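Chemist: Questions regarding the structure given below will be posed in turn.
Coordinate-derived values only; no laboratory data. The structure displayed is predicted, hence computed values, not measured ones. Quick reminder, even Gly has a Cβ in these numbers, built from the backbone with ideal geometry, and neighbours come from all protein chains shown.
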Amino acid sequence: MTSKYETVIGLEIHAQLSTESKMFCSCSTKFGAEPNTNICEVCTGQPGALPKTNKKAIELAIKTGLALNCKIEPYSVFARKNYFYPDLPKAYQISQFDLPIITGGYLEIEVEGKKKKIKLTRIHLEEDAGKLVHKGAERIMGSEESLVDYNRGGTPLMEIVTEPDIRSPLEAKIFMEDLAHLLQYLGVCDAKMEQGSLRCDANISIRPVGQKELGTRSELKNMNSFRFVQMGLTAEVARHTELKESGEKIIQETRYFDTKTHETKSMRSKEEAHDYRYFPEPDLITVEPDKEWIEEIKTTITELPEKKKERYTKEYGLSDQAAETLISTKELSDYFESCLKIEKKPKEITNWILGDITAYLKAKNLNIKDINLPPGEVIELIKLIEKGTISGKIAKEVIVKTLNTGKTIKDIVSESGSTQISNEDELQKIVEEAIKNSPKQVEQYKSGKKAIIGYLVGQVMKASKGRANPGLANKLLKQQLD
Ligand SMILES: [Zn+2]
């Protein structure tokens with residue numbers, strides 16, 4: 001669809017870093033603990049408490065910066081961002097302001113077959129606030145009462161800010177998916193939008209095509225899935241377009257996406273927007289990572305998704321689509337590679353993983369890491385087929401039984417007596433029976449319609465409950481009939 005307006009989107013992403021402890025104290029970051037149990041004097045802002053920067057958080061931010069082609073700043077500073085809210089006991093958040101740890105960089109995405117670089121402005125470190133639970137309403141306004149849990153307060157966050165390079169809601173969604181993917185591969189964030197470990201705010205505006213100057217923007221919050229990023233922004237583009245078309249003024253404001261009505265709604269206008277005051281944090285030293293440390297961090301970056309995909313297609317001859325699916329999560333590609341380490345049969349392994357195993361996972365709503373199938377078992381199955389011990393058809397049943405019971409492939413095969421019949425004498429009887437029962441087809445075969453043999457092989461397979469070796473059945477049938 002061509003429109004006379006161009007959409008301009010910039011994203012601000014909060015990624016929760018995968019550290020064991022909080023940003024400025026040693027409290028655990030473990031999710032799901034009893035409310036207000038993972039807290040201390042530092043993260044609740046008690047008088048006299050002194051924060052200390054978590055080195056691991058800095059390391060993970062640098063690792064991200066390196067993977068995103070950014071500049072790692074030799075000198076960065078923490079500041080206090082002052083504001084009051086019940087989830088912030090200190091009444092300020094420690095964040096980086098004018099001197100962030102990382103600047104520049106980009107992430108290359110692919111939109112409808114075209115590659116595009118989305119530039120980054122900066123990545124900075126900060127701490128998360130606590131969590132409010134409202135009773136009787138979804139938001140603090142209108143709720144009967146609100147409860148506060150400070151467990152999340154002080155959790156390390158990395159804020160990734162993009163340039164306004166994104167041109168459509170679809171691009172924004174793809175960017176978020178690719179970024180999440182990258183963060184997972186790097187092991188810096190588990191990047192689950194639905195669980196809040198990856199959060200996305202967007203600045204969005206539209207302008208007539210060809211115009212340089214940006215239109216008035218709105219900020220859109222509360223998009224907690226990749227799908228909602230696209231849906232929320234699409235709704236906002238439509239709202240802006242409608243206002244422009246009817247000659248109404250777009251006001252600068254913060255809005256949220258209502259996932260029930262699929263509309264965006266106003267939260268606060270610019271007049272009410274926070275006017276934060278930042279002060280340098282006097283209790284923390286500046287961050288000055290030395291070159292050796294940065295080099296050391298560089299060595300911890302393992303193969304990233306795009307490179308992996310390329311290797312899968314080039315080295316293993318997998319199709320683009322198969323490679324893409326295998327790299328779709330780090331767990332899946334790790335599993336594939338564990339199988340590969342045991343036996344170099346990339347195509348067979350891929351077929352099982354993306355075929356029967358994936359179907360099983362989907363049906364049971366499981367993740368590959370939750371299943372009881374060591375990579376060695378996949379190889380065992382492939383070998384049994386190759387040796388002719390079981391047929392491909394039986395193998396499909398065997399793998400499901402193995403997944404359901406947790407028994408080994410070998411045990412399932414010997415228990416079920418489903419080994420393939422590759423013994424000529426044994427199969428001969430079944431072949432003769434099939435010939436006897438299909439006089440019509442035999443006649444057709446003899447009159448030159450050789451393709452009918454497929455039907456006869458099918459009869460043998462059926463009579464043997466799938467255990468006959470199809471190649472051998474074919475050979476024996478021909479011997480009998482020719
Ligand atoms: Zn603490």
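Chemist: Working out 0.36 nm times the residue gap between Asp290 and Lys410, then minus their Cα-Cα distance, what length gain in nm do you get to one decimal?
Modeler: Going from the current span to full extension adds 37.8 nm.
Chemist: Summing Lys, Arg as +1 and Asp, Glu as -1, what charge do residues with Cβ under 12 Å from the Cβ of Ala49 carry, Ala49 excluded?
Modeler: 0
Chemist: Evaluate the distance, in nm, between pseudo-label points positioned 7 Å from the Cα of Asp370 and of Glu426 along their respective Cα→Cβ axes.
Modeler: Going from the Asp370 label point to the Glu426 one covers 3.9 nm.
Chemist: How large, in Å, is the range 303-416 by the Kirkwood hydrodynamic radius built from its alpha-carbon pairs?
Modeler: Here the Kirkwood hydrodynamic radius works out to 14.4 Å.
Chemist: Could you check the simple spin-label distance between Glu144 and Lys4, using points 7 Å along Cα→Cβ, in nm with one decimal?
Modeler: Spacing of the two 7 Å Cα→Cβ label points: 5.3 nm.
Chemist: When all alpha-carbon pairs of the range 424-481 are counted, what percent fall beyond 16 Å?
Modeler: That fraction is 29 percent.
Chemist: While we're here: To the nearest µm²/s, what D does Stokes-Einstein give for the chain at 20 °C and 1.002 mPa s, using the Kirkwood radius over alpha carbon pairs as Rh?
Modeler: After rounding, the answer is 80 µm²/s.
Chemist: Can you tell me the Rg and Dmax of the range 5-293, counting just the alpha carbons, in angstroms?
Modeler: 19.3, 59
Chemist: On to the next question. If one puts a single equal scatterer on every Cα of the range 21-177 and applies the Debye formula without solvent, what log₁₀ I(q)/I(0) results at q = 0.09, 0.11, 0.14 Å⁻¹?
Modeler: For the range 21-177, the Cα-only Debye profile gives -0.38, -0.56, -0.84.
Chemist: Non-local amide H neighbours of Tyr92 (under 5 Å, H modeled in plane, Pro and chain starts lacking H): which ones?
Modeler: The answer is Tyr83.
Chemist: Going through the DSSP H helices of the chain, which span 27 Å or more along their own axis at the Cα atoms while scoring at least -1.0 as a mean Kyte-Doolittle hydropathy?
Modeler: Span-like helices here: 226-245.
Chemist: How many nm separate the modelled label positions at Lys401 and Glu343, each set 7 Å beyond the Cα in the direction of the Cβ?
Modeler: Once both label points are built, they end up 1.9 nm from each other.
Chemist: For Ser328 and Ala359, compute 0.36 nm times the residue count separating them, minus their Cα-Cα distance, and round to one decimal in nm.
Modeler: Contour length minus Cα-Cα distance gives 9.6 nm.
Chemist: Now a separate question. For the chain, what's the relative contact order in percent, using C-alpha pairs closer than 8 Å and at least 6 residues apart?
Modeler: Result for the chain is 13 percent.
Chemist: Now a separate question. Given a Förster distance of 56 Å, report the FRET efficiency between Gln321 and Glu34 from their Cβ-Cβ distance, rounded to the nearest 0.05.
Modeler: Calculated value: 0.80.
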